[in-house]
Amino acid sequence: MLLVFRSLIVAVLLALGATLWWYPAATLVMVEPVAWGQWHEQQYDPQHRSSPFLSSSVIEQSRQSRPFVPMAEFIHGQVGGAMLEIEAGDWSRDLPGPEGGRAWLAPDRVPVTDPPRGWLNLALRDGEALDFYRLQWLDPLQRLGDIPPALAHPFRGVSLLWVGLGVTLLVMLALPVCESPAQASNLARGMRIGLVLLGFFLPLTLASLWLSQRSAPDAVYALIVIGGMLALTGLVTALIFGRQYAWLRRLMAGEGLLAHWQLAPEQWRDFVQRDMRRSRGEKLARLVMVAVMAVVVGLGFVLFAPDRGAGLVVAGVLTGMVMLLALIVLLMPLWTRRRLLRALPQVWLGPEGVCIGHQAHHWSGLGSRLESARLQRGKQGRPARIELTYSGLRGVSSGRGVYFYRDQQNVVVPVPPDKEVEAERVIAVLRVGKGG
C-alpha cells in the first residue's frame, strides 16, 4: 500500500510547501515619514501661501491676522498631544529618511509594547536631530502587493524548513516500490488521482479557512470554494476507485475468480492492436454525434442570438470543446495501447468484473450492471473472445432538473486457443449472475 499512499504523502508535502511559501505574516508595522516642518511653513510662511489671484497686501494682511504658532505647538495641536519620543538605535536603521517613502517592519523590531489601534505618532531622536514618523500595525493580507516578499511571507526565509521539505519529497519519490499488477491497474491510478486531489487541496482549503478569520481578500474566499470542491471531488474519487481497487486485489488473490488466463505474446499484441481500433471507432462515433450537436447549437447562437458577438463566442467555445475531444479520442487509444503492451499478458475474470492486463472493468458498483455476455468463437485462425457489455448510471443536469441515463461500455476479453471450454463455463456463470 506504500505505492498508493505515497501519492497522498507527496501531495500533502506539495500543499504544505505551497501554503508555507504564500502564508502571510500575522501583523506588520507600516512606517511613513511625516514632514511637520514643511506643513508648518505652508501654514505660516506667506511665500508658500501666495496666490496669483491675490495682491501682496492682501496676503500680508492675512498673515498678520493669523497669529504665528511655534512648530512644537503646531505639532502638538495636530496630533492631539499623542506623540511618543524614542531614541534611535539598531531598529531604526531600516526606517526611511525624512524625504523617503513608506517602509514595513516586523512588530518585534519596533520598541513599542502596547501598539494602538490607529496611527502612532513617533518622534525619533538621534542626538540633536529629531525626525518624525507615523506607524500603524496592520494585517498585511490586504496589502501583499505593496510589501517586500521577505516580510510579507516570513516562512520563505526559513532555509532549514525548505531543505527538510525538499529532502523528504525526494526520498518519497525515489523510494523503490515493487508494483503489483493490481497497483499498476487503472483502478489504482484513479484512486491515486483522487488521493492527490484530496491531499493537495484539503490543506489549502483549511489554510484558507483559517485566513478567512482575518481581513482576507476575495482570492482567499475563492480558494475556499474551489479548493473545497476539488478536495471533495478527490475524496469521492478515492472512495469509488478505492472500493473497486479492493475488489481487484481480492480477485487477483483468487477470491471470486472464475478464470485466470495467460496469453501468448503474439496473441496479446494482436488483441491490443484490434482493441485499439475498436475503441477508437466507438469513440469516433460518439465524437461525430457530439460534433453535429455542437454545430447545430453553434449555428443557432450565431444566427438567432440577439447579440451576434456573444453568439460567436459561444460558437467558438463549442468549436474548442470539439477540438479538445477530438484530440482526446486520437490520443487516448494510443496511450491505452502503450500501457497494455507494457502490462502482463494476463486476464482475470470474475462475476463482478474483469481485468485485462492493466485495464480493469467493474460492473457491480452503485447503478452499474452487466448487460450481456457472449462467446465469439474463433474463425479463420483467429482466437475466440468474450464480448461483454455493461452499463452505469450517468446524470445530466438541465434547467428542469437532473436526468439519468445508462452509458454502455463494450469490453472484449481475449481467450487463449485451448480455453474455449472454460470460457463457455464462465459465460454461463455470468449469465446466471445477471439473471439471464
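Structure values in brief
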| item | result |
| --- | --- |
| Mean Cβ neighbour count within 10 Å, used as a protection proxy, ranking 408-417, 139-148 highest first | 408-417, 139-148 |
| Extension gain from Trp21 to Arg156, taking 0.36 nm per residue of separation minus the Cα-Cα distance | 48.0 nm |
| Lys, Arg +1 and Asp, Glu -1 on Cβ, resulting dipole of segment 310-409 about Cα centre, debye, nearest 20 | 380 debye |
| Inter-probe distance in nm under a simple model that places probes 7 Å from Cα toward Cβ, at Trp210 and Leu393 | 3.9 nm |
| Sorted peptide list for 336-343, 347-354, criterion being average Cβ within 10 angstrom, highest first | 347-354, 336-343 |
| Cβ-Cβ FRET estimate between Leu239 and Ala219, R0 fixed at 30 Å, reported to 0.05 | 0.50 |
| Extension reserve of the Thr113-Ala246 stretch, reckoned as 0.36 nm per residue once the Cα distance is removed | 41.9 nm |
| Asn410/Ala264 FRET efficiency (R0 25 Å; Cβ-Cβ; nearest 0.05) | 0.55 |
| FRET E, pair Met293, Met332, Förster distance 22 Å, beta-carbon r, rounded to 0.05 | 0.60 |
| Packing-based order for 163-172, 218-227, 362-371, using average beta carbon neighbours within 10 Å, highest first | 362-371, 218-227, 163-172 |
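Read-outs: derived from the displayed coordinates by stated rules, not from any lab. Fair warning: this is a prediction, and the values are worked out from it, not measured in the lab. Quick reminder, even Gly has a Cβ in these numbers, built from the backbone with ideal geometry, and neighbours come from all protein chains shown.
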